[in-house]
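Bear in mind that the values in this text are calculations on the coordinates, not laboratory data. Computed from a predicted structure; not experimentally measured. Here the Cβ positions follow ideal geometry from the backbone for every residue, glycine too, while neighbour counts run over all protein chains shown.
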Amino acid sequence: MTWLVIRVRSDVGVERSIKETMHMLNLTRVNHAVLIPQSAQYKGMLQKAKDYITWGEVSEETIGNLLNERGRMSGDKPLTDAEVKENSEFSNIAALAKAIASGDNTVKDVEGMKRVFRLHPPRGAKGWGGIKRSFRVGGALGPRGEEIEALIARMI
């Protein structure tokens with residue numbers, strides 16, 4: 001399985017170790033997202049930065065939609081089926097999304113693809129719903145589980 005991690009808050013005035021953790025996750029700006037495999041090491045990193053990010057498990061369909069809409073190659077060229085076929089072992093974006101969702105492959109397997117997805121702020125009247133509170137109490141921070149799908153749909 002794969003997690004989608006989205007940065008919610010800025011790192012101004014943040015403890016150095018948390019700031020470094022977010023940089024190791026390639027989350028350098030607000031509204032940026034990354035796809036990471038589920039592992040104990042990444043789980044610890046997410047717990048460390050939980051007051052500045054949100055995450056959850058994503059489906060193959062959502063990963064495919066994210067790659068189609070927001071995937072970029074170096075030079076800021078859009079990610080296409082032709083680019084995926086030329087720079088990886090996969091025939092198209094759908095095959096890449098299936099491999100990422102299963103946890104067998106990562107975004108790194110496509111040579112020249114940017115690992116960070118730049119997203120729009122959440123659309124709708126609710127927006128983030130409060131960037132200083134946990135998701136469990138109506139805010140935007142911390143683990144979301146399957147609810148990340150609704151958020152990412154509003155941000156793509």
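Taking Lys and Arg as +1 and Asp and Glu as -1, the other residues whose beta-carbon sits under 14 Å from that of residue 18 total +2. When you filter the GluC sites (Glu not before Pro) in the stretch 62-122 for DSSP loop state and at most 14 other Cβ atoms inside 10 Å of their Cβ, you are left with 89, 111. Here the gap between residue 29 and residue 98, fully extended at 0.36 nm per residue and compared with their Cα-Cα distance, gives a gain of 22.1 nm. Selection among 6, 62, 128 by position relative to the dipole of the chain gives 128 as farthest towards the positive end (Cβ unit charges, Cα centre). Across the stretch 1-87 the C-alpha pair distances fall into 5 Å bins from zero in the proportions 3, 13, 23, 21, 17, 13, 7, 2, 0 percent. Listing 77, 108 from fewest to most neighbouring C-beta atoms within 10 Å gives 108, 77. Between helix 60-70 and the chain, what is the angle of the helix's C-alpha long axis to the longest principal axis, kept within 0 to 90° and rounded to the nearest 10? For helix 60-70, the angle is close to 90 degrees. Tilt of helix 93-102 relative to the longest C-alpha principal axis of the chain, in degrees (0 to 90, nearest 10)? Approximately 50 degrees, to the nearest ten.
Shown for the chain: lysine pairs separated by 8 or more places, or found on different chains, whose C-alpha atoms are under 19 Å apart, numbering 14. Taking a ≥ b ≥ c as the square roots of the eigenvalues of the alpha-carbon gyration tensor, the stretch 85-128 is classed prolate because a/c is 1.5 or more and a/b outweighs b/c.
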